[in-house]
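Structure first, then comments.
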Amino acid sequence: MLFRYALFLALGLSSMAANAQQERPYRKFATQQVHQRLLSEYTSFSTALAGMESQISNHGSTTGIDVDTIPVVFHILHTAEQPYPPEAQILAQLDLLNSDFQQYHAPDTPYVLTKVQELENLGTDPTIYFCLAASNGTESVTPISYVETTVEEWNDLDSMKYAQFGGADARNPDRVLNIWIGYLADGYAGYAQMPGGPSTTDGIVLDLRYLPQPIDTFISKVYDQGKTLTHLVGSYLGLYELWNDQNPCQDDFVDDTPIHNVPNYFPGEIFYHISLCDTTRQTEMIMNFMDNTDDRVLNMFTQGQKDRMKAILAQGGIRHELSNSAVICSPDSLWVIDDRTNKSIADNNHVLRLHPNPANQSINIQLQSLQTEKVNCSVYNFQGVLIWNNDGIQLDKSGTIQLDCSRWNEGEYIAIAVFENGEVLTQKFSVVTP
């Protein structure tokens, strides 16, 4: 009787989901497809995964409150015409990521089943902190890089990880979490590479429409709280998704998470799902970050999931270098002043753009305005020393200044443009040795 009820409920939800797809988005992850492809292409990958599972089993449970710090770099890919997220939006995503991995919050959703409420008691704080990388110990690192490309939409998602294909090369992937952000094809929200894969592609890919406060109002209906990246970071740190596309009901190697036969999402006000897989935990953990429920429902990792992630970051773990490297974090306060705007000049009085970034021979400072006016433009290093200034240049709505930076010291710089009406725009960039 229970099985027939569960089957009826599942079919009912599937039917409702099909009808609702015309009215709302449905988030698609490519993690499992990429994982299977990498396993077939790299024989060493399965060996690395087997070693990872053995190390996790030997590590046991995590009882302390020590915080692991993971440095992050963002590669923002866009064409000349496409809007891109400002640094403030990237910082908001980083703040939400830290909230999800450090502060367990019970949701405000009124669950209709007591069994679902009981699952909330399994939630815990993973005690993992994410920061913007500033240096890898020997050279400066640009934590948020904007890369102009000719690729409008990425079909081969790994291509965006290579500069030769119009993307951006990974920066120190053993020591830094690389996150590539751009427009993805086929409706994908993104994917993460599981631990043990090839280093050149190691990291996370995210469609920029799934950032918090997305530019796509259709996506923002249900995926506007930055939980897409939280889910992907979980996979990056060794958590399997609670469902398996190829083998429904396959174990995720975590004891305190129910096994899901399909990913969940909830049209209307349905906030539960009965599993067709697990007879011991029939109510699914729809609020778990490794499910695919709406952002407003996702809110927890379990102790078993925490143990798994902490083991991978611990001594002997496959991602130990992430939390034990010489990478220096950049103070978040340095980035708050940088209010990069979208490229729609009709929506902004003034625009300041820099390219290429990082620079090694020259840096182009592009200024735009809605009117002819004067602008004072300066460049400082991060010690506050004035490097260059062109006071009161006449701007005829748009103009580009090319500076020779081949003899500048390697490191971080900031360009400041003060327009005639008093508006100030700032942009950071870095200079690297050719």
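Checking the structure you have, find out if any residue of segment 102-113 is touching a Lys or Arg at 6+ places or on another chain (Cβ under 8 Å), modelled with pLDDT of 85 or more and closer than 21 Å to PRO212 by Cβ.
No, there is no match, as no residue in segment 102-113 is touching a Lys or Arg at 6+ places or on another chain (Cβ under 8 Å), modelled with pLDDT of 85 or more and closer than 21 Å to PRO212 by Cβ.
Based on what the data block shows, is VAL176 open to solvent by less than 10 Å² (accessible area, probe 1.4 Å), farther than 16 Å from ASP291 by Cβ and at pLDDT below 95? Explain how you work it out, then say what you get.
On the way: open to solvent by less than 10 Å² (accessible area, probe 1.4 Å): yes; farther than 16 Å from ASP291 by Cβ: yes; at pLDDT below 95: yes.
Yes; evaluated as a whole, the condition is true for this residue.
Within segment 153-163, can one find any residue that is part of a loop (DSSP other than H, G, I, E, B) and surrounded by 23 or more Cβ atoms within 10 Å (Cβ to Cβ)?
No.
Residue under question is ASP186, and the condition is that it be modelled with pLDDT under 95, farther than 18 Å from ALA133 by Cβ, in a loop (DSSP other than H, G, I, E, B) and open to solvent by 10 Å² or more (accessible area, probe 1.4 Å); does it hold? Quick ask: steps written out before the conclusion?
Working: modelled with pLDDT under 95: yes; farther than 18 Å from ALA133 by Cβ: yes; in a loop (DSSP other than H, G, I, E, B): yes; open to solvent by 10 Å² or more (accessible area, probe 1.4 Å): yes.
Considered against the rule, which asks whether it is modelled with pLDDT under 95, farther than 18 Å from ALA133 by Cβ, in a loop (DSSP other than H, G, I, E, B) and open to solvent by 10 Å² or more (accessible area, probe 1.4 Å), ASP186 comes out as yes.
Of all residues in segment 56-92, which are more than 19 Å from the chain's Cα centre (by Cα), part of a helix (DSSP H, G or I) and surrounded by 17 or more Cβ atoms within 10 Å (Cβ to Cβ)?
Scanning segment 56-92 gives ILE56, HIS59.
Any residue at all in segment 229-247 that is in a loop (DSSP other than H, G, I, E, B), touching a residue at least 12 places away in the same chain (Cβ under 8 Å) and more than 23 Å from the chain's Cα centre (by Cα)?
yes
Mind checking which residues of segment 214-246 are out of contact with any helix residue (DSSP H, G or I) (no Cβ under 8 Å at 6 or more places or on another chain) and at pLDDT below 90?
Just the residues of segment 214-246 that are out of contact with any helix residue (DSSP H, G or I) (no Cβ under 8 Å at 6 or more places or on another chain), to begin with: 217-218, 220-222, 224, 231, 236, 240, 242-243.
Residues satisfying the conditions are THR217, PHE218, SER220, LYS221, VAL222, ASP224.
Considering only segment 361-387, how many residues are under 29 Å from the mean Cα position of the chain (by Cα) and open to solvent by 60 Å² or more (accessible area, probe 1.4 Å)?
Looking only at that region, the number is 1.
Does ARG171 satisfy the criteria of being touching a residue at least 12 places away in the same chain (Cβ under 8 Å), farther than 22 Å from ALA80 by Cβ, more than 16 Å from the chain's Cα centre (by Cα) and part of a loop (DSSP other than H, G, I, E, B)?
no
What are the residues in segment 114-149 that are more than 22 Å from the chain's Cα centre (by Cα), of a type in the set (Val, Ile, Thr) and modelled with pLDDT of 80 or more, if any?
If the condition is that a residue be more than 22 Å from the chain's Cα centre (by Cα), of a type in the set (Val, Ile, Thr) and modelled with pLDDT of 80 or more, then no residue fits.
Hey, among TYR210, TYR223, TYR236, which residue is of a type in the set (Phe, Trp, Tyr) and either surrounded by fewer than 23 Cβ atoms within 10 Å (Cβ to Cβ) or closer than 20 Å to PRO71 by Cα (or both)?
Values: TYR210 fails: either surrounded by fewer than 23 Cβ atoms within 10 Å (Cβ to Cβ) or closer than 20 Å to PRO71 by Cα (or both); TYR223 fails: either surrounded by fewer than 23 Cβ atoms within 10 Å (Cβ to Cβ) or closer than 20 Å to PRO71 by Cα (or both).
Only one candidate passes the filter, namely TYR236.
Which residues, counting only those in segment 412-425, are surrounded by 15 or more Cβ atoms within 10 Å (Cβ to Cβ) and assigned to a strand (DSSP E or B)?
Of everything in segment 412-425, those that are surrounded by 15 or more Cβ atoms within 10 Å (Cβ to Cβ) and assigned to a strand (DSSP E or B) turn out to be GLU412, TYR413, ILE414, ALA415, ILE416, ALA417, VAL418, PHE419, LEU425.
Going through segment 258-283 one residue at a time, which ones are modelled with pLDDT of 85 or more, open to solvent by less than 10 Å² (accessible area, probe 1.4 Å) and closer than 23 Å to TYR210 by Cβ?
Across segment 258-283, the qualifying residues are HIS260, ASN264.
The values are calculated or read from the model by the stated rules, or taken from the named source; none is laboratory data. What you see is a predicted model; the values in this text were computed from it and never measured. Neighbour counts run over all protein chains shown; Cβ positions are idealised from the backbone, glycine included. Just the protein is used for accessible areas: all its heavy atoms, side chains included, with ligands, DNA and RNA removed. Shrake-Rupley method; radii C 1.70, N 1.55, O 1.52, S 1.80 Å.
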